[in-house]
Amino acid sequence: MINQEYYVWTEDCQFGLLDAANEFTETVQNKRELLSVDEALAYRITTQGDCDLIPDVYYSPKYLLSEKLYALLRPFDLDYVQFIPAKIDQKPEKFYLLKVINFISLIDDKKSKVTIRRGSIKGVDRFLLSNELANINLSDRLMFKVGHSPVTVVHKSIVDTLMAQNLQGVRFIPVTAWSAWAGTR
């Protein structure tokens, strides 16, 4: 079944939360298209975390990836994923904003609870994927957003690669077990 192949990338906020440090960064991170960007995006920590380690991903609520995580994802060469250099105030390490511009709305309507506005999925409480997803080439569905919601879904092949690396702050929940409240448990 298609749902066994996918995970939801969820937040691990023990390292703190970020916000865009300027209007340019906020505009770039919120655009739903691939962009040509000539300067590093700027972020600041708005909520200190419980852990002083430098994680492999910060949330802003977008994903800011460490160089290690960037190096692991880059070889998948997904034409609908963009990595934009980013800086975090008072952190010397390099980071990359992960932009996923792959919107797939193939969900099981009977087993999902979503918010639809103007014909697009905008919010997701819980969902299961439709078996129709199998009709799309695997390379075109390795990572995607559920409709135009912030929910990022990742194929098992990528999850297995990442989880073998003992990454900090990276958490995946099987689609079959995920709900909007899963991260609070």
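The values are calculated or read from the model by the stated rules, or taken from the named source; none is laboratory data. Model, not experiment: these values are computed from the prediction. Ideal geometry is used to build each Cβ from the backbone, glycine not excepted, and the neighbour counts take in all protein chains shown. Just the protein is used for accessible areas: all its heavy atoms, side chains included, with ligands, DNA and RNA removed. Shrake-Rupley method; radii C 1.70, N 1.55, O 1.52, S 1.80 Å.
Checking 12, 52, 89, 77 one by one, the residue that is open to solvent by 20 Å² or more (accessible area, probe 1.4 Å), touching a Pro at 6+ places or on another chain (Cβ under 9 Å) and not polar (S, T, N, Q) is 12 and no other.
Working only within the stretch 20-30, note down all residues that are open to solvent by less than 60 Å² (accessible area, probe 1.4 Å) and either in contact with a Ser or Thr (Cβ under 7 Å, 6 or more places away or on another chain) or not in a loop (DSSP other than H, G, I, E, B) (or both). Within the stretch 20-30, 20, 25, 28, 29 meet the criteria. State all residues of the stretch 122-170 that are among the small types (Gly, Ala, Ser) and more than 14 Å from residue 5 (Cβ to Cβ); if no residue qualifies, say none. The answer is 123, 147, 149, 164, 169.
Can residue 82 be described as of a type outside the set (A, V, I, L, M, F, W, C) and at positive phi? Here the answer is no, as residue 82 does not meet what is asked. How about the stretch 31-49: which of its residues are open to solvent by 80 Å² or more (accessible area, probe 1.4 Å) and either at pLDDT below 85 or not hydroxyl-bearing (Ser, Thr, Tyr) (or both)? Hits for the stretch 31-49 are 31, 32, 33, 34, 38, 39, 44, 48.
Identify, please: which residue in the stretch 112-138 is out of contact with any helix residue (DSSP H, G or I) (no Cβ under 9 Å at 6 or more places or on another chain) and within 22 Å of residue 79 (Cβ to Cβ) and is, among those, most open to solvent (accessible area, probe 1.4 Å)? Of everything passing the filter in the stretch 112-138, 135 is most open to solvent (accessible area, probe 1.4 Å). Filter the stretch 36-52 down to the residues that are within 21 Å of residue 78 (Cβ to Cβ) and part of a loop (DSSP other than H, G, I, E, B) and list them by number. 36, 37 - these are the residues of the stretch 36-52 that are within 21 Å of residue 78 (Cβ to Cβ) and part of a loop (DSSP other than H, G, I, E, B).
Within the stretch 139-177, the set of residues being open to solvent by 10 Å² or more (accessible area, probe 1.4 Å), in contact (Cβ under 8 Å) with a residue 12 or more places away in the chain and hydrophobic (A, V, I, L, M, F, W, C) comprises 142, 151, 167, 170, 172, 173.
Where strands (runs of 3 or more DSSP E) fall entirely within the stretch 53-92, those with at least 2 residues that are modelled with pLDDT under 95 are at 57-59, 63-66. As a summary of the residue check, residue 33 satisfies the conditions (1) in contact (Cβ under 8 Å) with a residue 60 or more places away in the chain; (2) of a type outside the set (Lys, Arg); (3) touching a Lys or Arg at 6+ places or on another chain (Cβ under 9 Å); (4) outside any loop (DSSP other than H, G, I, E, B) except for the one numbered (4).
State whether the residues of the stretch 78-99 include one that is in contact with a His (Cβ under 7 Å, 6 or more places away or on another chain) and closer than 24 Å to residue 174 by Cα. No.
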